[in-house]
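Nothing in this text is a laboratory measurement; each read-out follows from the coordinates by a stated rule. Every value quoted in this text rests on a predicted model; they were computed, and no experiment measured them. Glycine gets a Cβ as well: all are built from the backbone with ideal geometry, and neighbour counts include every protein chain shown.
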Amino acid sequence: MRKILKIYTIKDKKEEKVLRKVSKEVSKDEILSREFQLFLDNLLFTAQKVETEEGYSSAGLASIQVGVDKRVFCILKESNGEFELMINPEIKILNNDKVVDLEGCLSIPNFEGRVSRYKKVKVKYLDREGKTQKAVFKNQEAREIQHENDHLDGILFTDKLSD
């Protein structure tokens with residue numbers, strides 16, 4: 001049975017220390033394990049069901065935000081309103097065009113800030129079956145990917161605030 005996982009926040013210093021960890025790659029064997037598949041189900045379920053104190057829903061969720069230091073996150077796809085998992089993502093910037101926009105984060109409650117992000121990225125990643133996927137993302141989806149990928153490197157959006 002799927003469950004909502006606890007979201008770590010910077011309000012708790014021990015949890016903030018976890019959020020600052022660099023996440024580890026996930027092996028194909030681990031991806032296919034029953035335990036990891038259950039974790040992915042719970043991560044997706046949490047992303048779908050969680051709501052912030054301000055009433056916002058999730059646009060993405062990295063595994064480190066629920067205390068698991070693995071290189072996996074999900075983002076909300078604009079095209080179909082479904083969450084897509086990305087395991088061991090590798091991001092390539094497709095051009096230097098950037099846009100500054102407001103961001104928030106489930107791990108930083110009651111705060112929004114302006115962050116400059118690339119408008120278009122190409123991502124190579126593994127899906128939940130361990131198969132390699134490649135796709136180009138732009139605008140909001142590209143922003144979400146960069147935000148969630150920063151989590152995998154222990155970076156919070158507040159580290160990148162623009163004027």
Item to check | the range 21-70, subset among the aromatic types (Phe, Trp, Tyr) and over 14 Å from SER107 (Cβ atoms), residue surrounded by the fewest Cβ atoms within 10 Å (Cβ to Cβ) | outcome: PHE45
Checklist outcome for this item: Across the range 37-59, the tally of residues that are without any contact (Cβ under 8 Å) to a residue 24 or more places away in the chain and more than 26 Å from THR158 (Cβ to Cβ) stands at 1
Item to check | Candidate set: the range 83-112, residues that are of a type in the set (A, V, I, L, M) and in a loop (DSSP other than H, G, I, E, B); chosen: the one surrounded by the fewest Cβ atoms within 10 Å (Cβ to Cβ) | outcome: LEU94
Checklist outcome for this item: Of the residues in the range 2-30, those that are more than 17 Å from the chain's Cα centre (by Cα), closer than 23 Å to ASP127 by Cβ and either free of Cβ contacts under 8 Å to residues at least 24 places away in the same chain or not in a loop (DSSP other than H, G, I, E, B) (or both) come to SER27, LYS28, ASP29, GLU30
Item to check | Members of the range 127-154 that are charged (D, E, K, R) and out of contact with any strand residue (DSSP E or B) (no Cβ under 8 Å at 6 or more places or on another chain) | outcome: GLU129, LYS131, ASP150, ASP153
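Restricting the range 113-126 to residues that are charged (D, E, K, R) and surrounded by 14 or more Cβ atoms within 10 Å (Cβ to Cβ), which is nearest to ILE10 (Cα to Cα)? Walk me through how you get there before you give the answer.
Start the filter on the range 113-126 by keeping residues that are charged (D, E, K, R), which leaves 114, 117, 119-120, 122, 124.
Then keep just the ones that are surrounded by 14 or more Cβ atoms within 10 Å (Cβ to Cβ); that gives 117, 119-120, 122, 124.
On the way: ARG117: 22, LYS119: 28, LYS120: 29, LYS122: 30, LYS124: 30 Å.
That would be ARG117.
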Checklist entry - In the range 53-82, which residues are under 11 Å from the mean Cα position of the chain (by Cα), within 18 Å of GLU129 (Cα to Cα) and part of a loop (DSSP other than H, G, I, E, B)? => result ARG71
